[in-house]
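Novice: Sending over a structure as structure tokens; questions will come in a sec.
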Amino acid sequence: MPRYNPSEIEPRWQAYWDKHATFRTPDQAGEKKRYILDMFPYPSGDGLHVGHPEGYTATDIVARFSRARGETVLHPMGFDAFGLPAEEHAIKTGEHPRIQTQRNIDNFTRQLKMLGFSYDWDRMVSTTDEDYFRWTQWIFLVLYDTWFDADAQKGRPIADLPVPAEVEAQGAEAVGKYQDQHRLAYQDDALVNWCPALGTVLANEEVQDGKSERGGHPVKRIPLRQWMLRITSYAERLLDGLDDVDWPIGIKKLQRDWIGRSTGAEVDFYVGDEEAYGAWAESRRTSGFCAEPDASVLRVYTTRPDTLFGATYMVVSPEHEMLDELTTEVQGEAVRSYCEKASFKSDRERTDGDRVKTGVFTGSYATNPINGEKVPIWVADYVLAGYGTGAIMAVPAHDERDFEFAKQFDLKVVPVVDPPQDHPERAAIMAGDVCFVAQGNAINSGDFDGQKTNDVKAAVTAMLNREGLAAEAVNYKLRDWLFSRQRFWGEPFPILHEVDREGNLTGVKRAVPESQLPVRLPELEDFKPHGRPEPPLAKADDEWLYVTLDGKRYRRETNTMPQWAGSCWYYLRYIDPKNDQAMIDPALEKVWMPVDLYVGGAEHAVLHLLYSRFWHKVLYDRGHISCPEPFGKLVNQGMILGEVEFSGYVDEDGIAVSSHEVKRNAEGERVRANGDVVSSVTLTEEQVEKKGEGFVLKDNPAIRIDSRAFKMSKSRGNVVNPDEVVREYGADSLRLYEMFMGPLEATKPWAMTGVGGVRNFLDRVWRMIVDPKADELVVSDAIGDQPCDADQKRMLHATIKKVTEDTESLSFNTAIARMMEFTNFFTRAKSRPKEAMQQFLILLNPYAPHLAEELWQILGGEESIAKQAWPAWEAEALVESSIEVPVQVNGKVKAKIRVAPDVSKDDLHKAALSDAKVQALLEGKTVVKEIVVPGRLVNLVVK
RNA sequence: GGGGCUGUGGCGGAACUGGCAGACGCGCUGGAUUUAGGAUCCAGUUCCUUCGGGAGUGCAGGUUCAAUUCCUGUCAGCCCCA
């Protein structure tokens with residue numbers, strides 16, 4: 001009996017597509033192009049996860065659908081293959097990361113092909129290929145060669161940077177230094193996670209709670225010379241660009257919040273000699289606010305200049321460059337040991353709201369510019385060096401963290417904002433016992449008393465600006481991008497550092513000439529850490545490490561780029577993947593960019609999407625590409641969770657505990673109200689039943705049970721393996737199931753029985769066309785050349801319409817539901833017109849391409865169904881001879897009447913009133929109001 | 001603590017712009033067929049019901065002829081950030 005057998009059909013058609021290059025991107029772009037892109041995966045050793053095919057199936061459906069509609073489609077795939085796991089593997093085993101990476105890529109490729117995705121495999125790229133990272137390095141050099149012209153809001157060649165005359169006068173070296181300070185790629189000291197015990201620098205992911213993930217050794221934050229990318233200068237452009245793209249509003253908001261634009265003021269607090277204050281203030285009055293603060297002041301950034309009268313102390317971050325000068329001899333020891341301790345904390349630990357605030361008095365005082373009062377300067381780690389100026393004016397009355405700190409160290413709290421009259425805690429706030437962060441009217445603020453917060457902000461800033469003590473300022477939470485990593489398995493920087501005869505760095509840098517790219521990774525004996533706080537590439541032999549160019553000797557940069565680098569621009573390379581003359585042919589770039597549909601997980605909502613937009617804008621400014629934003633439409637697929645689990649709890653004696661009694665304690669353990677620890681047990685569906693809102697134990701309905709789906713994870717053991725699903729049900733079933741589970745964007749739990757459900761559907765499709773009873777593979781005798789009757793025609797065309805519209809709007813689940821209805825309808829029919837079957841198969845093809853190809857061929861189709869044009873629906877075919885319209889009385893459906901679909905309002909009204917059931921209900925009542933919506937309903941309001 | 005998302009049958013979900021709540025699938029119940037079934041086909045499946053009806057989209061209100069949909073409040077879960 002010829003049954004639907006995906007394990008035979010699927011590999012055969014995959015081989016066919018490969019052999020005939022069915023999905024090769026056309027050389028000539030047609031009338032309409034469509035660039036459909038997946039976020040490329042990191043090829044992990046675990047292989048594909050069922051989360052991957054969700055987005056990939058969605059884009060594959062759109063790609064196949066678009067091709068059928070005559071569009072020219074670019075649909076590529078590649079691998080983001082640099083990264084930590086391969087390097088860790090190399091350290092452990094000595095195997096070169098390249099080997100493991102290749103193995104993983106091969107496995108991923110096999111799995112992706114097994115699922116029948118219509119990628120143009122000729123365009124596959126891996127970020128680790130030398131032909132690829134050559135151009136990653138080239139783009140880095142573009143960044144290195146660019147400065148940001150703030151007036152024009154545009155990146156320009158460094159050669160165009162206006163150099164001040166006094167710098168020019170100091171000669172070429174000074175000019176070079178000046179340029180280096182303005183490049184988009186620059187070097188600066190930044191904190192890295194140095195683990196002395198492991199003898200290596202760790203990535204943030206490798207540090208947990210201040211300890212190394214491996215071994216649990218202490219990790220210290222030490223400054224190291226790092227490459228930074230000046231993404232902050234593009235902050236405004238990155239914000240503006242969001243208005244022009246079709247992205248989920250949630251993602252746009254995340255990006256805006258990440259950029260974190262705020263407006264406020266920079267204010268200078270005098271820290272110099274007390275007796276000279278008058279003279280200093282006078283000089284400021286004439287000179288005005290200066291761009292760079294000098295040593296006589298501590299500059300702060302604040303979003304609340306209106307609270308300046310309440311600034312009762314100041315805080316500098318432990319890394320603040322003026323800290324040494326500010327620290328008095330008496331306080332020296334305390335400050336130094338405090339900073340040492342702070343260096344072991346992560347930013348997160350430092351700013352965590354739950355932690356007790358720590359800090360040390362520096363011994364110095366500053367002068368509050370608004371009222372001339374002396375305020376103490378403290379050092380505390382809740383102030384970060386990277387935000388604002390790395391120093392704050394503390395207003396404990398109106399800032400939560402300042403308030404906590406002030407209470408901790410018994411500092412003065414002066415309320416300067418009067419809350420609204422009806423505020424429940426007004427008295428306590430005015431007494432300085434409670435912090436108030438919202439707006440109100442100024443008090444204790446001299447001439448500003450009584451004015452509203454916003455007015456005071458502007459007035460204070462303006463007044464201090466006249467005095468030369470403050471200026472309006474815009475600040476961003478976004479920080480420059482720390483772009484170097486102390487890793488082996490990444491792109492080497494194409495930068496050379498000049499060394500003198502003694503082998504010391506002169507501080508002069510130069511780019512590796514373009515003709516010498518790529519800078520390859522050196523061959524190392526092994527990948528073990530060398531025990532110094534510098535990158536592993538420093539282990540390379542001199543042949544790699546030292547270069548002579550134009551008679552000068554250079555040492556190569558030994559940092560490598562972060563994993564983001566390769567993923568920042570891969571969408572460009574797919575357009576012209578084999579070009580060895582340029583990153584991309586500008587003509588091809590114009591044809592294909594921007595990406596029309598970009599699908600991937602929400603975990604990349606901020607970083608990847610922000611970084612690639614930044615690079616894109618730089619390349620755009622420098623004239624290498626033609627569109628200002630890379631990704632026109634973005635869709636985030638939801639997460640697929642494991643199967644729903646029922647979990648109950650038992651105490652130490654194994655007695656069941658109801659889930660509503662169970663809470664988590666501070667250590668994260670599950671405990672009952674009396675503090676006893678309970679353990680959780682997984683229950684089967686048979687052991688529980690629904691009761692009220694939740695589930696209870698069947699044997700004891702007083703015991704409530706938790707029912708929930710969890711994130712798939714190895715440790716939980718609920719990971720679904722796509723290989724197994726394909727073996728058991730076939731690739732088409734896996735594809736179809738993932739699309740049928742629910743809306744693409746939603747988080748949804750896996751259910752293996754659901755895969756069986758869609759497999760049943762595909763079996764039914766098979767039997768709709770192939771005779772299941774015959775011994776040979778023959779077409780069902782219900783199929784013939786007869787035309788559709790009216791009902792069949794309506795079903796066919798309604799299905800074409802629904803599937804077309806739903807596929808366009810990415811509502812795949814409802815498109816599939818409609819195809820199921822079609823199949824149910826026609827499997828029941830004794831007569832199945834061949835043409836209807838063929839049109840249906842074209843609709844099914846993007847969703848279940850292997851089965852569609854097979855049945856297409858069985859029905860006598862000549863070439864691949866992928867070459868068939870998408871059917872159009874006929875509006876006339878959809879018209880029904882009569883429709884059913886509900887008649888409501890007081891908003892409740894009481895009767896249904898059959899009328900012509902195009903019935904007029906009057907006729908519908910008449911028909912409703914003449915219905916016997918309606919008449920009976922209206923008996924003895926008065927109709928107060930009548931609503932008649934033609935084709936929809938009739939509602940009669942009666943008394 | 002802040003922000004976002006989501007609450008609809010036993011389960012996943014559907015419902016266009018406010019217009020018949022529960023499409024489609026799973027599961028379950030009954031029947032047919034079969035040596036057999038994790039196959040197929042048919043019928044049923046929100047709950048309550050005195051079989052007339054009544055209630056129902058987390059909960060409480062509001063707007064409306066009409067609310068899953070709009071508004072206010074509230075609760076719960078999940079995700080992200082701190």
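Novice: Would you compute, from DSSP H runs of 4+ residues alone, the mean residue ellipticity of chain A at 222 nm, taking -39500 (n - 2.57) per run and dividing by the full residue count, rounded to the nearest 500?
Specialist: Working: 31 runs with 318 residues, N = 943.
After summing the helix terms and dividing by the residues of chain A, the value is -10000 deg cm²/dmol.
Novice: How much FRET efficiency would the formula 1/(1 + (r/R0)^6) give for A:ASP706 and A:VAL650, where r is the Cβ-Cβ distance and R0 is 22 Å, rounded to 0.05? Working shown, then result.
Specialist: Numbers: r = 13 Å, r/R0 = 0.59.
E between A:ASP706 and A:VAL650, to the nearest 0.05, is 0.95.
Novice: Run through every distinct alpha carbon pair of region A:398-520 and return the Kirkwood hydrodynamic radius in angstroms, one decimal place.
Specialist: 20.3 Å
Novice: How large is the accessible surface of A:ARG237 in square angstrom, using a 1.4 angstrom probe and rounding to the nearest 10?
Specialist: For A:ARG237, the solvent-accessible surface is approximately 40 Å².
Novice: Return, for the Cα atoms of region A:831-943, the radius of gyration and Dmax in Å, separated by a comma.
Specialist: 23.2, 70
Novice: Now for a separate question. For A:GLU502 and A:ALA295, FRET efficiency with R0 = 41 Å and r from the beta-carbon atoms, rounded to 0.05? Before the final figure, lay out each step's value.
Specialist: Values: r = 34 Å, r/R0 = 0.83.
Approximately 0.75, to the nearest 0.05.
Novice: Next up: Does region A:261-476 come out rounded, prolate or oblate, given a ≥ b ≥ c as the square roots of the eigenvalues of its C-alpha gyration tensor, rounded meaning a/c under 1.5 and, failing that, prolate meaning a/b above b/c? Before the final figure, lay out the partial values.
Specialist: Values: a/c = 1.66, a/b = 1.10, b/c = 1.52.
The shape class here is oblate.
Novice: Sort A:480-487, A:585-592, A:422-429 by the packing proxy (mean of other Cβ within 10 Å over each peptide's residues), most packed first.
Specialist: On the way: A:480-487: 21.6, A:585-592: 15.1, A:422-429: 13.2.
Top of the packing list down: A:480-487, A:585-592, A:422-429.
Novice: Return the long-range amide H neighbours of A:ARG69 (sequence gap of 5 or more, or a different chain), with a cut-off of under 5 Å between placed amide H atoms.
Specialist: HN-HN under 5 Å from A:ARG69: A:TRP870.
Novice: For A:ASP46 and A:ALA334, calculate 0.36 nm times their separation in residues minus their Cα-Cα distance, and state this gained length in nm to one decimal.
Specialist: On the way: separation 288, 0.36 × 288 = 103.68 nm, distance 5.01 nm.
Length difference between fully extended and current span is 98.7 nm.
Novice: Once fully extended, how much extra length lies between A:LYS925 and A:ASN579, figured as 0.36 nm per residue of separation less the alpha-carbon to alpha-carbon distance?
Specialist: Values: separation 346, 0.36 × 346 = 124.56 nm, distance 8.23 nm.
Taking 0.36 nm per residue and subtracting the Cα distance, the gain is 116.3 nm.
Novice: Quick one: give the max-minus-min coordinate of the C-alpha atoms of region A:881-942 along each principal axis, largest first, in Å.
Specialist: Cα extents, longest axis first: 35, 19, 18 Å.
Novice: Now for a separate question. Report the equivalent ellipsoid semi-axes for chain A in whole Å, largest first, defined as the square roots of five times the eigenvalues of the gyration tensor built from alpha carbon atoms.
Specialist: Details: eigenvalues 692, 329, 183 Å².
Semi-axes, largest first: 59, 41, 30 Å.
Novice: Could you pull out every one of the lysines with an alpha carbon less than 19 Å from that of A:LYS357, ignoring same-chain neighbours closer than 8 positions?
Specialist: A:LYS341, A:LYS345, A:LYS407, A:LYS412
Novice: Another question about this same structure. If r is the Cβ-Cβ distance from A:GLU884 to A:ARG261 and R0 is 45 Å, what FRET efficiency results, to the nearest 0.05?
Specialist: Numbers: r = 56 Å, r/R0 = 1.24.
Efficiency at R0 = 45 Å is approximately 0.20.
Novice: Moving on. Just from the alpha-carbon atoms, what are the Rg and Dmax of region A:722-877 in angstroms?
Specialist: In Å, with Rg to one decimal and Dmax whole: 15.4, 46.
Novice: In addition: Modelling each spin label as a point 7 Å along the Cα-to-Cβ direction, I'd like the A:GLN687/A:ARG479 distance in nm, to one decimal.
Specialist: Each label point is offset 7 Å from its Cα along the Cβ direction, giving 4.9 nm.
Novice: Can you give the local net charge around A:VAL765? Use residues other than it whose beta-carbon is closer than 12 angstrom to its beta-carbon, Lys and Arg +1, Asp and Glu -1. Mind dumping the intermediate values first?
Specialist: Numbers: positive: A:ARG759, A:ARG764, A:ARG767, A:ARG832; negative: A:ASP732, A:ASP763, A:GLU854.
Computed value for this residue: +1.
Novice: Here's something else I'd like to know. For A:VAL755, what charge total do you get from the other residues with a beta carbon under 14 Å from its beta carbon, if Lys and Arg give +1 and Asp and Glu give -1? Don't skip to the answer; put the middle values down first.
Specialist: Details: positive: A:ARG727, A:ARG735, A:LYS748, A:ARG759; negative: A:GLU54, A:GLU643, A:ASP723, A:GLU724, A:GLU728, A:ASP732, A:GLU738, A:ASP763.
Residues near A:VAL755 contribute -4 overall.
Novice: Then there's this: In square angstrom, what is the accessible area per residue of region A:722-877 with a 1.4 angstrom probe?
Specialist: Numbers: 6390 Å² over 156 residues.
It amounts to 41 Å² per residue over region A:722-877.
Novice: Here is a follow-up. Once you put a point 7 Å from the Cα of A:SER904 and another 7 Å from the Cα of A:LYS917, both along the Cβ direction, what distance in nm separates them?
Specialist: 2.7 nm
Novice: Might you report the magnitude of the Cβ-based charge dipole of chain A about its Cα centre, with Lys and Arg at +1 and Asp and Glu at -1, to the nearest 20 debye?
Specialist: Values: 113 positive and 147 negative charges, 541 e Å.
So the magnitude is around 2600 debye.
Novice: How much net charge surrounds A:VAL414 when only the other residues with a Cβ under 12 Å from the Cβ of A:VAL414 are counted, with Lys and Arg +1 and Asp and Glu -1? Provide the component values of the computation, followed by the final result.
Specialist: Numbers: positive: A:LYS412; negative: A:GLU373, A:ASP402.
Taking every Cβ under 12 Å from that of A:VAL414, the sum is -1.
Novice: Just reorder A:LYS698, A:LYS33 by solvent-accessible area, largest first, 1.4 Å probe, all chains present. It would help to have the intermediate numbers written out before the result.
Specialist: Working: A:LYS698 100, A:LYS33 40 Å².
Solvent-accessible surface, decreasing: A:LYS698, A:LYS33.
Novice: Given the pairs A:LYS590/A:LYS711; A:LYS698/A:LYS748; A:LYS748/A:LYS801; A:LYS830/A:LYS910; A:LYS154/A:LYS539; A:LYS477/A:LYS714, which span a C-alpha to C-alpha distance of over 30 angstrom in this model?
Specialist: Numbers: A:LYS590/A:LYS711 41 Å; A:LYS698/A:LYS748 26 Å; A:LYS748/A:LYS801 27 Å; A:LYS830/A:LYS910 40 Å; A:LYS154/A:LYS539 39 Å; A:LYS477/A:LYS714 36 Å.
Flagged as over cut-off: A:LYS590/A:LYS711; A:LYS830/A:LYS910; A:LYS154/A:LYS539; A:LYS477/A:LYS714.
Novice: Quick check: Cα centre of region A:155-206 to Cα centre of region A:850-877, how many Å?
Specialist: 60 Å
Novice: Follow-up question, since we're still on this one. Could you grab the relative contact order for chain A? Cα pairs under 8 Å, six or more apart, rounded to a whole percent.
Specialist: Values: 1705 pairs, mean separation 128.4, N = 943.
Relative contact order of chain A: 14 percent.
Novice: Please report Rg over Rh for region A:511-664, where both radii come from the alpha carbon positions and Rh follows the Kirkwood definition.
Specialist: Numbers: Rg = 25.1 Å, Rh = 20.9 Å.
Ratio of gyration radius to Kirkwood radius: 1.20.
Novice: Just grab the label-to-label distance for A:ALA281 and A:GLU168, each label 7 Å out from Cα along the Cβ direction, in nm (one decimal).
Specialist: Distance between the two pseudo-spin positions: 4.1 nm.
Novice: Sort A:635-642, A:511-518 by the packing proxy (mean of other Cβ within 10 Å over each peptide's residues), most packed first. If you can, show how the numbers build up before the last one.
Specialist: Working: A:635-642: 20.2, A:511-518: 14.9.
Per-residue mean Cβ counts within 10 Å order the peptides as A:635-642, A:511-518.
Novice: Determine the distance separating the Cα centre of region A:242-293 from the Cα centre of region A:602-643; give it in Å without decimals.
Specialist: So the two Cα centres are separated by 29 Å.
Novice: With the contact rule set at Cα under 8 Å and sequence spacing of 6 or more, what percent relative contact order holds for region A:37-80? List each step's numbers first, then the result.
Specialist: On the way: 28 pairs, mean separation 27.4, N = 44.
The value is 62 percent.
Novice: Given the Cα-Cα distance of A:HIS20 and A:ALA875 and 0.36 nm per residue of separation, how much length would full extension add, in nm? All intermediate terms of the calculation are to be shown ahead of the outcome.
Specialist: Numbers: separation 855, 0.36 × 855 = 307.80 nm, distance 3.67 nm.
Gain in length upon complete extension: 304.1 nm.
Novice: Mind jotting down the distance between the C-alpha centroids of region A:9-31 and region A:420-470, whole Å?
Specialist: 69 Å
The values are calculated or read from the model by the stated rules, or taken from the named source; none is laboratory data. Computed from a predicted model, the values in this text were never measured in an experiment. No Cβ is skipped: glycine too gets one built from the backbone with ideal geometry, and neighbour counts run over all protein chains shown. Ligands, DNA and RNA are excluded from the accessible area calculation, which covers all protein heavy atoms including side chains. Shrake-Rupley method; radii C 1.70, N 1.55, O 1.52, S 1.80 Å.
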